[in-house]
Amino acid sequence: MHRTTLLFPSLLLATCCAVAQEPAAGVPTAMPAVPEVAGVPAAAQQAASLINPENLRAHVRFLASDLLEGRGPGKRGGELAAEYIATEFALNGLKPAGDNGTYFQKVDLYAVHTDEAATKFAFVPKTGEAMPLAYNTDFVTKDERGEASADIDAPIVFVGYGIDAPEYGWNDYKGVDVKGKILLVIVNEPASDDPAFFKGKTMTYYGRWTYKYEEAARLGAAGVLIIHRTDLASYPWAVVQNSQAIEKSYLKGDPAATLKAASWIQLETARKLMAASGLDLDKEIDAAGKRGFKPVELPVKLQAHIASVVRPYTSANVVAKVEGADTTPKQAVIYTGHYDHLGIDPNAKGDGIYNGAADNATGCAILLELGRAFAQSPTPPPHTVYFSSVTAEEQGLLGSAYLGMHTPVPAKDMALDLNYDELLPVGIPTSAEVSGSDRTQFYPVVEKTAQAFGLTIQPDQFPMAGSYYRSDHFSMARVGVPAFSIGEGTLFAGHDAAWGDAQVKDFTAHRYHQPADEYSPDMDFRGDARMAQFGLMLGWQASAGAPTEWKAGDEFEKARKAGR
């Protein structure tokens with residue numbers, strides 16, 4: 001439970017200590033001037049100039065310290081992080097915008113850990129012997145309901161990609177009742193080079209495994225078996241294993257978390273299942289990617305017992321605001337970024353603290369510095385600006401999902417969400433990645449502002465990975481709020497393109513979601529500060545009334561219209 005008393009002595013001491021940190025000798029600190037942007041008042045430029053890279057350094061140093069124990073949600077370190085962020089908001093003059101006049105928005109969650117030894121799966125054909133499956137080798141699963149145990153004896157229905165997308169004239173569930181049954185689905189979505197059909201090579205949300213679980217739950221299915229295939233998933237089976245070997249958290253009361261068995265199965269395991277049904281898996285996958293596919297109920301049941309260890313807990317989003325010249329609940333802008341990380345691995349040999357310096361102490365630091373700049377600007381923004389550092393992102397965007405369900409003003413009145421997640425402090429970028437901004441009517445503003453900042457807009461480097469659906473802006477987009485993340489590209493001042501690409505690859509290989517993602521005095525926070533300035537100028541323009549609707553036909557346009 002979070003305290004509502006913010007300025008307690010130990011945390012103030014920690015804050016003061018953080019601010020005292022100095023960069024390593026030789027690390028540059030000079031920032032380029034904030035550029036003028038056509039049509040944007042000087043007040044916005046002046047506010048952006050308040051952003052200080054060394055303040056970012058101080059915040060990252062503290063948030064990524066061992067004291068915060070990897071900022072696990074619901075754990076001591078996560079609570080300390082939330083208290084620190086709330087305290088900084090208060091010190092910098094931001095007003096609380098959480099529950100009951102506090103800076104905290106309480107989020108009730110429960111964590112589920114599957115008891116691998118006690119969990120049993122078997123395919124049972126109508127004729128012939130049962131096929132027992134081995135946990136981790138053949139399958140992994142979670143009981144989304146948070147029950148200690150679940151038993152299943154249900155038929156299996158192959159539903160292709162498990163997608164119902166009326167805008168593409170596609171429905172894998174047509175003519176079949178799947179209530180109480182187990183759905184066998186293919187990872188990803190139908191392959192296409194046509195941008196008008198599932199956006200061609202760019203993944204839509206229909207391809208995400210989370211969508212497949214959610215759609216199955218909406219239809220009353222008992223469980224899902226997602227067929228893993230490395231070339232379609234873009235990651236090996238080991239990634240699936242590792243993600244399921246730890247606790248998975250869920251929002252209490254989430255109507256989409258109703259599956260007894262949210263599962264993955266190995267490709268070869270799926271082959272055996274299809275063979276036991278007299279079918280060839282490769283041919284069925286090929287047929288499922290073409291129009292005219294019809295779901296097939298297999299002559300095989302899943303008999304299963306799922307045993308789980310369940311841990312209820314409470315975490316919190318931290319929410320603050322800077323009131324605008326117009327305080328009515330319209331044209332509000334919100335900045336988001338998650339503060340949680342992976343906590344501590346108690347079984348690690350050596351360093352087991354996942355400090356999460358880049359992911360996402362950097363985003364938190366940017367939110368804090370943006371809040372200070374808006375709050376201390378002599379001229380208030382045109383409309384109210386909100387700031388929310390959210391919890392449980394690493395658990396599946398849960399904090400931001402709750403924020404999306406409980407926005408500080410109605411979602412229909414929110415002009416824009418700008419999210420910050422994992423900005424490597426390696427220098428001043430000359431490129432930006434703002435994937436998803438092109439889906440909105442706000443994109444010309446993004447282009448104009450990027451040009452003024454000398455930033456080349458780079459496209460999503462891995463469109464088939466579905467990155468747009470994997471950070472907290474997505475939770476706001478789902479309720480209709482135009483939303484995207486602001487990040488650096490791979491071009492940096494003083495370096496060639498290969499250097500920037502090498503920085504990203506090195507971080508991904510050696511520090512991403514590893515204890516090695518730690519603060520270092522030789523980090524260069526000028527780039528993070530530059531992206532904060534860029535985001536401030538964008539947010540100011542959205543607050544002033546720049547058009548921020550989704551483009552006609554976008555998948556989130558329906559949610560935007562439904563809220564009005």
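Structure values in brief
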{"quantity": "Set Gly253, Gly223: member being touching a residue at least 24 places away in the same chain (Cβ under 8 Å) and more than 16 Å from Ile186 (Cα to Cα)", "calculated": "Gly253"}
{"quantity": "Test: residue in region 397-408 that is more than 29 Å from Met203 (Cα to Cα) and surrounded by fewer than 24 Cβ atoms within 10 Å (Cβ to Cβ)", "calculated": "yes"}
{"quantity": "Within region 117-129, considering residues that are part of a loop (DSSP other than H, G, I, E, B) and at pLDDT 95 or above, the one nearest to Arg271 (Cα to Cα)", "calculated": "Thr119"}
{"quantity": "Residue that is nearest to Ala233 (Cα to Cα), among those in region 422-475 that are touching a Lys or Arg at 6+ places or on another chain (Cβ under 9 Å) and part of a loop (DSSP other than H, G, I, E, B)", "calculated": "Gly466"}
{"quantity": "Tyr386 being under 13 Å from the mean Cα position of the chain (by Cα), more than 18 Å from Trp550 (Cβ to Cβ) and not acidic (Asp, Glu)", "calculated": "no"}
{"quantity": "Sole exception among (1) crowded, with 16+ Cβ neighbours inside 10 Å; (2) polar (S, T, N, Q); (3) farther than 28 Å from Gly371 by Cα for Gln461, by number", "calculated": "(1)"}
{"quantity": "Test: residue in region 178-185 that is closer than 30 Å to Gln461 by Cα and modelled with pLDDT under 95", "calculated": "no"}
{"quantity": "Those residues of region 180-204 which are within 29 Å of Pro155 (Cα to Cα) and either over 24 Å from the mean Cα position of the chain (by Cα) or outside the structural domain of Asp282 (by TED's automatic domain parsing) (or both), in sequence order", "calculated": "Gly180, Lys181, Ile182, Leu183, Leu184, Ala191"}
{"quantity": "Qualifying position, being in the same structural domain as Pro299 (by TED's automatic domain parsing), farther than 27 Å from Lys252 by Cβ and in contact (Cβ under 8 Å) with a residue 60 or more places away in the chain, among Asp177, Asp143, Asp153", "calculated": "Asp153"}
{"quantity": "Flag for Ile306 being under 29 Å from Ala130 (Cβ atoms), among the β-branched types (Val, Ile, Thr) and in a strand (DSSP E or B)", "calculated": "yes"}
{"quantity": "Filter result for the condition that a residue is crowded, with 17+ Cβ neighbours inside 10 Å and out of contact with any helix residue (DSSP H, G or I) (no Cβ under 8 Å at 6 or more places or on another chain), over Ala257, Ala217", "calculated": "Ala217"}
{"quantity": "Meets criteria (polar (S, T, N, Q), surrounded by fewer than 21 Cβ atoms within 10 Å (Cβ to Cβ) and modelled with pLDDT of 95 or more) for Gln331", "calculated": "no"}
{"quantity": "Which listed residue, of Arg218, Arg291, is of a type outside the set (A, V, I, L, M), assigned by TED's automatic domain parsing to the domain that holds Glu167 and under 13 Å from Leu183 (Cβ atoms)", "calculated": "Arg218"}
{"quantity": "Qualifying residue in region 33-56 (condition: in contact (Cβ under 8 Å) with a residue 40 or more places away in the chain, crowded, with 17+ Cβ neighbours inside 10 Å, over 24 Å from Gln533 (Cα atoms) and touching a Ser or Thr at 6+ places or on another chain (Cβ under 6 Å))", "calculated": "no"}
{"quantity": "Test result for Ile285, on the phi < 0 side of the Ramachandran plot and not in a strand (DSSP E or B)", "calculated": "yes"}
{"quantity": "Answer residue from region 292-328, given it is without any contact (Cβ under 8 Å) to a residue 60 or more places away in the chain and not hydroxyl-bearing (Ser, Thr, Tyr) and is nearest to Leu273 (Cα to Cα) among those", "calculated": "Gly292"}
{"quantity": "Output for region 130-149, where each listed residue is in a loop (DSSP other than H, G, I, E, B) and farther than 22 Å from Asp108 by Cβ", "calculated": "Ala130, Ala134, Asn136, Thr137, Asp138"}
{"quantity": "First in region 354-369 and more than 12 Å from Leu342 (Cα to Cα), second anywhere and of a type in the set (Phe, Trp, Tyr) and not in a loop (DSSP other than H, G, I, E, B), Cβ under 7 Å, 6 or more apart", "calculated": "Ala358/Phe507; Leu367/Tyr335; Leu367/Phe387"}
{"quantity": "Matching entry among Ser437, Ser467, Ser485 (being within 11 Å of the chain's Cα centre (by Cα), of a type in the set (Ser, Thr, Tyr) and crowded, with 22+ Cβ neighbours inside 10 Å)", "calculated": "Ser485"}
{"quantity": "Options Phe525, Phe507: the member that is aromatic (Phe, Trp, Tyr) and either buried (at least 22 other Cβ atoms within 10 Å of the Cβ) or over 25 Å from Met203 (Cβ atoms) (or both)", "calculated": "Phe525"}
{"quantity": "Number of positions in region 334-387 that are surrounded by fewer than 24 Cβ atoms within 10 Å (Cβ to Cβ) and assigned to a loop (DSSP other than H, G, I, E, B)", "calculated": "14"}
{"quantity": "Given (1) in a helix (DSSP H, G or I); (2) closer than 26 Å to Gly72 by Cα; (3) out of contact with any strand residue (DSSP E or B) (no Cβ under 7 Å at 6 or more places or on another chain), index of the condition Ala275 fails", "calculated": "(2)"}
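The rows are residues; the columns are (1) outside the structural domain of Trp540 (by TED's automatic domain parsing); (2) at pLDDT 95 or above; (3) of a type in the set (S, T, N, Q).
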site: Tyr443; (1), (2), (3): no, yes, no
site: Ala452; (1), (2), (3): no, yes, no
site: Ala465; (1), (2), (3): no, no, no
site: Tyr468; (1), (2), (3): no, no, no
site: Ser485; (1), (2), (3): no, yes, yes
site: Phe507; (1), (2), (3): yes, no, no
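The values are calculated or read from the model by the stated rules, or taken from the named source; none is laboratory data. Computed from a predicted structure; not experimentally measured. Cβ sites come from the backbone with ideal geometry, for glycine too, and all protein chains shown count toward neighbours.
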